[in-house]
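The values are calculated or read from the model by the stated rules, or taken from the named source; none is laboratory data. Owing to the predicted nature of the structure, the values given are computational and were not obtained by experimental measurement. A quick note on method: Cβ atoms are made from the backbone with ideal geometry, for glycine too, and the neighbour counts reach across all protein chains shown.
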Amino acid sequence: MSNREKHDRMANAIRFLSMDAVEKANSGHPGLPMGCADIATVLFTRFLKYDPKNPHWPDRDRFVLSAGHGSMLLYSLLYLTGYEDITIDQIKNFRQLGSRTAGHPEYGHAAGIETTTGPLGQGLGNSVGMALAERILNAKFGDDLVDHYTYVLAGDGCLMEGISQEALALAGHLQLNKLIVIWDHNNISIDGPVSLADNTDQLARFAASGWNTLACDGHDPDQIADALERARGSNRPTLIAAKTTIGFGAPTKAGTNKVHGSPLGAAEIAAARQTLGWDAAPFEIPSDILDAWRVAALNASKKRASWEKRLAVADAELRAEFERRMRGELPGGLDAAIADYKKKLAVDKPKVATRKSSEMALEVINGIVPETIGGSADLTGSNNTKTSQTKEIAPGDYGNRYVHYGIREHGMAAAMNGMTLHGGVIPYGGTFLCFSDYARPAMRLASLMGIRTIFVMTHDSIGLGEDGPTHQPVEHLAALRAIPNHTVFRPADATEAAECWQLALETPKTPSTLALTRQNLPALRTEYTEENLCRYGAYELAKADGKAAVTIFASGSEVEIALAARATLQAHGHPTRVVSVPAFELFEQQSAGYKAAILGDAPVKVAIEAGIRLGWDRFIGTDGIFIGMTGFGASGTIEQLYAHFGITAEAAAKAAEARLAKQ
Ligand SMILES: Cc1ncc(C[n+]2csc(CCOP(=O)(O)OP(=O)(O)O)c2C)c(N)n1
């Protein structure tokens, strides 16, 4: 068999696994795997550095299937190369409940799936973070331990999505030359030809942002290999436009949108077997072809053996640090440092905005945890995300710890996810809470994947003042709390801010959002407690003097208001307790007994938050009193706004007293 014949048969193995799996599932997307089989075969047999037997090997090349609908391409590759998670039975169970071979690749379902993709463009965004993490770790640990590529397969859809612009501009700016994007340039999307909606000169677009751009015939193995070779030698990130035919090999449907996302049908598959000369039964791979794939994987894994040798002789301390970071374990000493810092806060009682107290906490954390990588979407001075330890990362200079993401919230969030997925770094990045909307698709995916990406969202209410309702979040706390597996922290003072940061860092499988104020807040936790009280999600901050007639629940900046309302109510003879609620999600994790005790049995329950009511009925019941927002904010001073919207201690006390009078 000639090399070309062998290549064709190896690629056809991907094509038939994909066709047959989609047919059996009666759903899925055969077009992309068939069209990209040649590209994938060249990449996985000649270039990619990976080891199916050690899928988490830190210095493996990353392969991101950004066009996640083509999942059968990835599953076929993982099966053919011998990843133990993807057996032939898994391929047969494509898209079935409980199988690893979900409709779109899901991180954590099987080793070899580097990120969850499906929302188009996200993988591209992730890959920028992976490539950046690789450079950051390379700067720290050297070529011997960290020196790999990040390859991406992206479709027309990925490139049409807005996030692609943010991602590629960031990668181009940072000169991430080990990022190689292969564009499945097939001119077809769901509605028909791409020209129905787009005529962008993609090569020019990427080139304009500083990319190296190449083109090749995506069905010619030598051309593909040549392009990859040149891409690897580039001093800039590379886009390879690989011209392909969607559904290559399907005699009547190839090149049309009919192969994009539906089974081909028995007749078309039978005809494809004729056309491509494939007589093996569904889910059977001729042994010589399976062997060829396994040998290719074995060859690809040889680089791991030499890497292991380099690791073995590396400086012991460096090696231990590298391994700790890649395990995602925090360094020792953090808890003690936070405890010392909390003791100091109890003495100093600083009156600062929580964005500032977040920075103060970070100053402690960043001094101890060298893997944190800060950043902001052009709001560094407002988000307070930069500390003395975090100097800026610049193009070609990755030895520092701060990323100026530019005004690219979505790109930032997706890149942070990529950094987290890569491992070895813990990214946090900031913008205004209102603009979490721009980052939300990636925040949701962080939750779905169960990864520790930390979102710093400042200017968390009307308390930001004069910038007005375009910048004042109202529904955002509720909207973020609605995402499963996402902890939304809203600390009330500097001590809570430190505790929330500690919790965010110590939760490796849940992303966090820290909602922080622009305005100054007094110290409320004035006595040192060794225990992290925010861990409970809600805790009693002030007891009632006597049997509670009123309980006031509040978060963040409104806890101060709750305490003032309590003072008034108690002065009027109504024992009142205040519960600080820094994190709904953590409260839900507590025991039934704890929750019942915190909710309490005071006849009147009040909640105060400068956002919408949604979610607070959990604490106050449907008949509870809510002091907050019912519509958009307004432009004005903070003092005017809180009074204007009735979010005051007087309003809260008055409403509670009126309710008590009716009891
Ligand atoms: C954000 C997002 N919007 C819409 C979709 C639905 N969708 C899945 S594939 C696709 C078309 C993609 O076209 P292309 O990238 O050219 O893929 P191909 O047709 O070549 O397989 C669309 C609109 C999605 N997955 N993600």
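Worth a mention:
- Scanning the range 384-400 for residues that are more than 15 Å from Phe432 (Cα to Cα) and either assigned to a helix (DSSP H, G or I) or hydroxyl-bearing (Ser, Thr, Tyr) (or both) yields Thr387, Ser388, Thr390, Tyr398.
Table: residues versus (1) away from the ligand (no atom under 16 Å from the Cβ); (2) more than 22 Å from Phe16 (Cα to Cα); (3) at pLDDT below 95; (4) touching a helix residue (DSSP H, G or I) at 6+ places or on another chain (Cβ under 6 Å).
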site: Ser209; (1), (2), (3), (4): yes, yes, no, yes
site: Gly218; (1), (2), (3), (4): no, no, no, yes
site: Ser234; (1), (2), (3), (4): yes, yes, no, no
site: Val259; (1), (2), (3), (4): no, no, no, yes
site: Leu276; (1), (2), (3), (4): yes, no, no, yes
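- Condition met for Ser189 (over 30 Å from Asp437 (Cβ atoms) and either within 16 Å of the ligand (Cβ to nearest atom) or surrounded by fewer than 20 Cβ atoms within 10 Å (Cβ to Cβ) (or both)): no
- Comparison of Ser287, Ser301, Ser306 shows that the only residue that is surrounded by 18 or more Cβ atoms within 10 Å (Cβ to Cβ), away from the ligand (no atom under 16 Å from the Cβ), polar (S, T, N, Q) and under 25 Å from Gly112 (Cα atoms) is Ser301.
- Residue check for Ile113: without any contact (Cβ under 8 Å) to a residue 40 or more places away in the chain, under 28 Å from Leu80 (Cβ atoms) and more than 10 Å from the ligand (Cβ to nearest atom): yes
- Within the range 203-252, considering residues that are of a type in the set (S, T, N, Q) and surrounded by fewer than 19 Cβ atoms within 10 Å (Cβ to Cβ), the one farthest from Leu168 (Cα to Cα): Thr252
- Among strands (runs of 3 or more DSSP E) entirely within the range 437-536, having at least 2 residues that are at pLDDT 95 or above and among the charged types (D, E, K, R) singles out no element at all.
- Ile647 vs. criteria under 17 Å from His476 (Cβ atoms), out of contact with any Asp or Glu (no Cβ under 6 Å at 6 or more places or on another chain) and of a type in the set (A, V, I, L, M, F, W, C): yes
- Near pairs, Cβ below 8 angstrom, 6+ apart or cross-chain, from the range 92-104 (without any contact (Cβ under 8 Å) to a residue 60 or more places away in the chain and in a loop (DSSP other than H, G, I, E, B)) to any residue that is of a type in the set (A, V, I, L, M) and crowded, with 17+ Cβ neighbours inside 10 Å: Arg100/Ile86; Arg100/Ala110
- Test: residue in the range 32-52 that is part of a loop (DSSP other than H, G, I, E, B), of a type outside the set (S, T, N, Q) and farther than 21 Å from Pro221 by Cβ: yes
- Members of the range 406-442 found to be buried (at least 24 other Cβ atoms within 10 Å of the Cβ) and of a type in the set (Ser, Thr, Tyr), listed by number: Thr420, Tyr428, Thr431
- Hits in the range 340-383 - residues which are crowded, with 17+ Cβ neighbours inside 10 Å, among the aliphatic types (A, V, I, L, M) and assigned to a helix (DSSP H, G or I): Leu345, Met360, Ala361, Leu362, Val364, Ile365, Ile368
- Test: residue in the range 126-142 that is crowded, with 19+ Cβ neighbours inside 10 Å, in contact (Cβ under 8 Å) with a residue 24 or more places away in the chain and within 16 Å of the ligand (Cβ to nearest atom): yes
Per-residue answers, yes or no, for (1) charged (D, E, K, R); (2) more than 20 Å from Asn235 (Cβ to Cβ); (3) modelled with pLDDT under 95; (4) away from the ligand (no atom under 11 Å from the Cβ):
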{"position": "Ile182", "(1), (2), (3), (4)": "no, no, no, yes"}
{"position": "His185", "(1), (2), (3), (4)": "no, yes, no, no"}
{"position": "Leu196", "(1), (2), (3), (4)": "no, yes, no, yes"}
{"position": "Ala215", "(1), (2), (3), (4)": "no, no, no, yes"}
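- Checking each residue in the range 150-178 for being of a type in the set (D, E, K, R), outside any loop (DSSP other than H, G, I, E, B) and more than 8 Å from the ligand (Cβ to nearest atom) picks out only Glu166.
Residue by residue, here is whether (1) outside any helix (DSSP H, G or I); (2) buried (at least 21 other Cβ atoms within 10 Å of the Cβ); (3) modelled with pLDDT under 95; (4) among the β-branched types (Val, Ile, Thr) holds:
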position: Gly573; (1), (2), (3), (4): yes, no, no, no
position: Gly593; (1), (2), (3), (4): no, no, no, no
position: Ala607; (1), (2), (3), (4): yes, yes, no, no
position: Phe619; (1), (2), (3), (4): no, yes, no, no
position: Gly633; (1), (2), (3), (4): yes, yes, no, no
position: Glu639; (1), (2), (3), (4): no, no, no, no
position: Gly646; (1), (2), (3), (4): yes, no, no, no
position: Lys654; (1), (2), (3), (4): no, no, no, no
